[in-house]
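Peer 1: Pasting in a structure now, in structure tokens, and then I'll have a few things to ask.
The values are calculated or read from the model by the stated rules, or taken from the named source; none is laboratory data. Everything quoted here is computed from the prediction, not taken from an experiment. Every residue, glycine among them, receives a Cβ derived from its backbone with ideal geometry; neighbour counts consider all protein chains shown. For the accessible areas, the whole protein counts, side chains as well, though only heavy atoms, and no ligand, DNA or RNA atoms are used. Shrake-Rupley method; radii C 1.70, N 1.55, O 1.52, S 1.80 Å.
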Amino acid sequence: MYNILLTDDEQIVVDSLTMILNKNFEGQITLFSASSGTKALEIARQAAIDIIFMDIHMPGMNGLETISLIKQVNPNIVIIILSAYDQFQYAQEAINLGAFKYLTKPVNRNLIAQTAREAMNAVDSARGKLTDSIELRQKLSVVSTMVESDFIYSCVFNNKGTDFSEYLNYFGIEGLPYFFACLEISEVPNEKRYDAYVKVRDVLGAKCRCVTGSFMGDRIGVFFPLAKNEDPRELIKEIYTLLSMKISAKIKIGASETERDIQKAQAAYNAAAACLSKIEDCGTAFSAGGQENAAKGRDKDAQSGLAQKAASKLLAAVKAGNFGAAEGLAKDYLDILFGAYEGQNDKIKGSLFETLVKERSAAKEANPNFKDEAAAEDFSFFASAQGRDELEKYFRSRSVECASLAALGTSGGENPIAQKARQYVDSHLADLPSLEGLAEILGVSPFYLSKIFKEAAGETYINYVTSARLEKAKKLLADGALIIKEISASVGYGDQNYFSKLFRQKYGETPSEFRARLLGKGESCL
């Protein structure tokens, strides 16, 4: 099966190509169409397009510009140019951009069919080469994984009786310092363990050069040869962050001190495992590594002691579902972090991200049905965030969100943030802020407030506000104590005409008609 995209701003050309291709290749193709370069690029990004018929002259982005961008998305797409211009410069540029054929309009239907068949053959050839390449990589990957696992096993269980020189030559490791890490991934169902292991290898392989063992229980041993000036602590912190984003489980990483003697590999692994056992929930821990490193470690511990205590209080509030306390404690934690690590923005961001991961874990313990849809945005936010105000606003709102989701597990019923939002709306109808303003007051993100508000109320914030205002207006109209202009202002509408329009849309009559109807029934409404 071949996916073919037809791009031309003249619908008659698209229709003609559709007829020719369907007639000649029935059951072999799936056709897509676009009337502009922008639309073609969008389709090429979303669908697995094999072949494109492309016109050069179209409104907006022309065909040659589109080809250039599409080739960046998928360099293997086979592109056939259809143009009313047979100028050499166009053809030359199209070929330079990787076009398969350049045809000038009008084109004979037989030539269209022949060119399409040649393009399909080119696709088949590329698929065959790609399949061979993938198969070879898979075979090499299996062999390499087996050798790595055997090396780690020998380091951990058979250190004295193993000649490591052949392993080191195989991995291309020559006299570099190294350290061992012990990585624990718990609460992963058996059917998902392999997927978790693949993600671990993907993260480690993309981040650094290392040798990764297989699962031993819930643990994976990893041997890290160090490049010059590479900091093991920062490396492990980054790996922990990346793994936390990709794997939904409790993750701990213990790391040994730096060594040079491969015969000390077993001791290094044991030191990493010992560090791991000190971690209560999730996170990272490091071996001191000699007097100098121990002194640095004590200094860092002294700096971060208050921050750790503040983080513990915050996590307790989140787990208890106390979102009011969580907001204040998040602020305290931020103040301590910025004081302890002034000027170390990456350190601060890493600590905040790690704490947020723990908050999500705490909320999940309190609420097994916990779903934190905003978690996917955390990593990208911390990767790009810069200023303190930006970090503080985001972290405080996410802490409150986690606490509110945990509260659902302890009390059930309506999300407490949504409940608080509805109470605020009902008591401030005359001067309500926007959704963004209310989110700021409640200490959460507008996206989160919008989502939980709709889940709780069954309608959007705007629709709920409108309904609440108009319901209150009905009561005031029936009471008769205020004139309509005063009623309009008291429910938040400074424009009486706009108020009347909304009232009529909802109830089928204007406020005056509603009041008059009640009067006609003899009810008191003056």
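Peer 1: Consider only pairs whose beta carbons are under 7 Å apart and that are at least six residues apart or on different chains; among these, list those whose first residue lies in segment 385-396 and is basic (K, R) and whose second residue is in a helix (DSSP H, G or I) and open to solvent by less than 30 Å² (accessible area, probe 1.4 Å).
Peer 2: Short answer, once both residue conditions are applied: R396/A330.
Peer 1: A further question follows. Mind telling me which of the residues S450, S397 ends up being in contact with a Ser or Thr (Cβ under 9 Å, 6 or more places away or on another chain), more than 17 Å from N322 (Cβ to Cβ) and surrounded by 15 or more Cβ atoms within 10 Å (Cβ to Cβ)?
Peer 2: S450
Peer 1: I'm trying to understand the selection: among the residues of segment 306-328, which are more than 18 Å from K420 (Cβ to Cβ) and surrounded by 19 or more Cβ atoms within 10 Å (Cβ to Cβ)?
Peer 2: Selection gives A307, A310, A311, L314, L315, K319.
Peer 1: Shifting gears a bit: Whether any residue in segment 491-498 is free of Cβ contacts under 8 Å to residues at least 40 places away in the same chain and surrounded by 14 or more Cβ atoms within 10 Å (Cβ to Cβ) is what I want to check.
Peer 2: yes
Peer 1: Yes or no: segment 356-363 includes at least one residue that is of a type outside the set (F, W, Y) and surrounded by fewer than 16 Cβ atoms within 10 Å (Cβ to Cβ).
Peer 2: No, there is no match, as no residue in segment 356-363 is of a type outside the set (F, W, Y) and surrounded by fewer than 16 Cβ atoms within 10 Å (Cβ to Cβ).
Peer 1: Name the residue that is surrounded by the most Cβ atoms within 10 Å (Cβ to Cβ), counting only residues in segment 38-56 that are charged (D, E, K, R) and assigned to a helix (DSSP H, G or I).
Peer 2: Ranking the qualifying residues of segment 38-56, first place goes to K39.
Peer 1: Then there's this: Which residues, counting only those in segment 479-490, are open to solvent by less than 60 Å² (accessible area, probe 1.4 Å) and farther than 18 Å from L429 by Cα?
Peer 2: If the condition is that a residue be open to solvent by less than 60 Å² (accessible area, probe 1.4 Å) and farther than 18 Å from L429 by Cα, then G480 is the only one that fits.
Peer 1: Taking K252 as meeting all but one of (1) buried (at least 22 other Cβ atoms within 10 Å of the Cβ); (2) over 22 Å from the mean Cα position of the chain (by Cα), write down the number of the exception.
Peer 2: (2)
Peer 1: Scan segment 438-464 residue by residue and report those that are without any contact (Cβ under 8 Å) to a residue 12 or more places away in the chain and within 22 Å of D378 (Cα to Cα).
Peer 2: Selection gives E440, P446.
Peer 1: Checking M245 against (1) open to solvent by 40 Å² or more (accessible area, probe 1.4 Å); (2) under 24 Å from D150 (Cβ atoms); (3) among the hydrophobic types (A, V, I, L, M, F, W, C), only one condition comes out false. Which one?
Peer 2: (2)
Peer 1: Any idea which of A84, A94, A119 is modelled with pLDDT under 75, out of contact with any helix residue (DSSP H, G or I) (no Cβ under 6 Å at 6 or more places or on another chain), open to solvent by less than 10 Å² (accessible area, probe 1.4 Å) and closer than 17 Å to T7 by Cα?
Peer 2: Among A84, A94, A119, only A94 is modelled with pLDDT under 75, out of contact with any helix residue (DSSP H, G or I) (no Cβ under 6 Å at 6 or more places or on another chain), open to solvent by less than 10 Å² (accessible area, probe 1.4 Å) and closer than 17 Å to T7 by Cα.
Peer 1: Restricted to segment 36-81, and to residues that are more than 23 Å from M1 (Cα to Cα) and touching a strand residue (DSSP E or B) at 6+ places or on another chain (Cβ under 6 Å), which residue is modelled with the lowest pLDDT?
Peer 2: Residue satisfying both the conditions and the ranking: G63.
Listed here are the residues, each with its yes/no results for (1) modelled with pLDDT of 80 or more; (2) among the polar types (S, T, N, Q); (3) more than 25 Å from L69 (Cα to Cα); (4) surrounded by 12 or more Cβ atoms within 10 Å (Cβ to Cβ).
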| site | (1), (2), (3), (4) |
| --- | --- |
| K101 | yes, no, no, yes |
| R109 | yes, no, yes, yes |
| V123 | yes, no, no, yes |
| K129 | no, no, no, no |
| K139 | no, no, yes, no |
| V142 | no, no, yes, no |
| S149 | yes, yes, yes, yes |
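Peer 1: Still on this structure: Within segment 434-447, which residues are surrounded by fewer than 19 Cβ atoms within 10 Å (Cβ to Cβ) and of a type outside the set (D, E, K, R)?
Peer 2: Correct list: S434, L435, G437, I441, P446, F447.
Peer 1: Same structure again: Can you tell me which residue in segment 168-219 is most open to solvent (accessible area, probe 1.4 Å), limited to those that are in contact with a helix residue (DSSP H, G or I) (Cβ under 6 Å, 6 or more places away or on another chain) and aliphatic (A, V, I, L, M)?
Peer 2: Restricting to residues being in contact with a helix residue (DSSP H, G or I) (Cβ under 6 Å, 6 or more places away or on another chain) and aliphatic (A, V, I, L, M), the top hit is V188.
Peer 1: State yes or no: is I220 at pLDDT 85 or above, in contact with a Gly (Cβ under 7 Å, 6 or more places away or on another chain) and among the aliphatic types (A, V, I, L, M)?
Peer 2: In short, yes.
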